[in-house]
Amino acid sequence: MPRERDEPVRLTKIYTRGGDAGETSLGDGSRVSKLDARIAACGTVDELNATLGVVVAGDCPPEIRSVLARCQNELFDLGADLSVPLEHEARLRTTKEQVAALEADCDRFNAHLPELKSFVLPGGSEAAARLQVARTVCRRAERETLEAATTHALNPLALVYLNRLSDLLFILARTANVGREEPLWKPGGAR
């Protein structure tokens, strides 16, 4: 029985044995190799979402936590987008509105940060360090999605979303360090 566009997935059984031979299903039911570039991209988006979960579960400032909770939900939307071939209409897709919300968050949080005078080293507070890890996973998700887009038609807004999310994660990491000295790169300073 088909689901409505905004209806959650119903999972009645977790293991199916359907992937035991190295294949999995896309969102339209078609079978592909688990080595398919779309599956790699979906897997890294899933890893990113789990990484954000670690940030949220830790000592994360409330104003950051609420933004990340929204992003976690949107990453499920993005994974659904990647998992359904683009030729299927009326499916859940990453939207301009989701990208615009990320840009608004970037502007809002960045407005209160000091001007950057060097590259920021990952670290400072635990939340900032975890956000920097999430940023690097996001960059990898973006690269893997770009790789998948070289052989499969994908929603271009999925790439834009991941690019903007990595920017936001950088800004949020800096925000999580407000009130402490920001760890900055000192060229040649390690000698």
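Condition (residue is open to solvent by 30 Å² or more (accessible area, probe 1.4 Å) and under 12 Å from the mean Cα position of the chain (by Cα)) applied to the stretch 115-122: is it met by at least one residue?
There is no residue in the stretch 115-122 that is open to solvent by 30 Å² or more (accessible area, probe 1.4 Å) and under 12 Å from the mean Cα position of the chain (by Cα).
Is there any pair with a first residue in the stretch 139-166 that is of a type in the set (V, I, T) and a second that is open to solvent by 50 Å² or more (accessible area, probe 1.4 Å) whose Cβ atoms are under 9 Å apart and which are 6 or more apart or on different chains, and what are they?
Going by the 9 Å Cβ cut-off, the qualifying pairs are V160/K96.
Hey, can you tell me all the residues within the stretch 44-62 that are in a helix (DSSP H, G or I) and in contact (Cβ under 8 Å) with a residue 24 or more places away in the chain?
T44, V45, D46, E47, L48, N49, T51, L52, V54, V55 - these are the residues of the stretch 44-62 that are in a helix (DSSP H, G or I) and in contact (Cβ under 8 Å) with a residue 24 or more places away in the chain.
A104 passes all but one of (1) in contact with a helix residue (DSSP H, G or I) (Cβ under 6 Å, 6 or more places away or on another chain); (2) without any contact (Cβ under 8 Å) to a residue 40 or more places away in the chain; which number fails?
Among (1) in contact with a helix residue (DSSP H, G or I) (Cβ under 6 Å, 6 or more places away or on another chain); (2) without any contact (Cβ under 8 Å) to a residue 40 or more places away in the chain, the lone unmet condition for A104 is (1).
Using the structure shown, decide if R135 is modelled with pLDDT of 95 or more, in contact with a helix residue (DSSP H, G or I) (Cβ under 6 Å, 6 or more places away or on another chain), open to solvent by 10 Å² or more (accessible area, probe 1.4 Å) and under 18 Å from S66 (Cβ atoms).
In short, no.
Restricting the search to the stretch 64-101, which residues are free of Cβ contacts under 8 Å to residues at least 24 places away in the same chain, acidic (D, E) and under 24 Å from T175 (Cα atoms)?
Matches in the stretch 64-101: E97 only.
With respect to T175, is the statement that it is touching a helix residue (DSSP H, G or I) at 6+ places or on another chain (Cβ under 9 Å), polar (S, T, N, Q), exposed (fewer than 12 other Cβ atoms within 10 Å of the Cβ) and in contact (Cβ under 8 Å) with a residue 40 or more places away in the chain true?
no
Can you tell me which residue in the stretch 141-152 is nearest to S83 (Cα to Cα), limited to those that are of a type outside the set (G, A, S) and surrounded by 18 or more Cβ atoms within 10 Å (Cβ to Cβ)?
T145
Go through T51, T94 for me and flag whichever is of a type in the set (S, T, Y), within 14 Å of the chain's Cα centre (by Cα) and open to solvent by less than 20 Å² (accessible area, probe 1.4 Å).
Within the list T51, T94, the selection yields T94.
The values are calculated or read from the model by the stated rules, or taken from the named source; none is laboratory data. As the structure is a prediction and not an experimental result, all values here were calculated from the model. Counting neighbours? That spans all protein chains shown, and the Cβs are built from the backbone with ideal geometry, glycine included. Please note that ligands, DNA and RNA were not included when accessible areas were found on the heavy atoms of the full protein model with its side chains. Shrake-Rupley method; radii C 1.70, N 1.55, O 1.52, S 1.80 Å.
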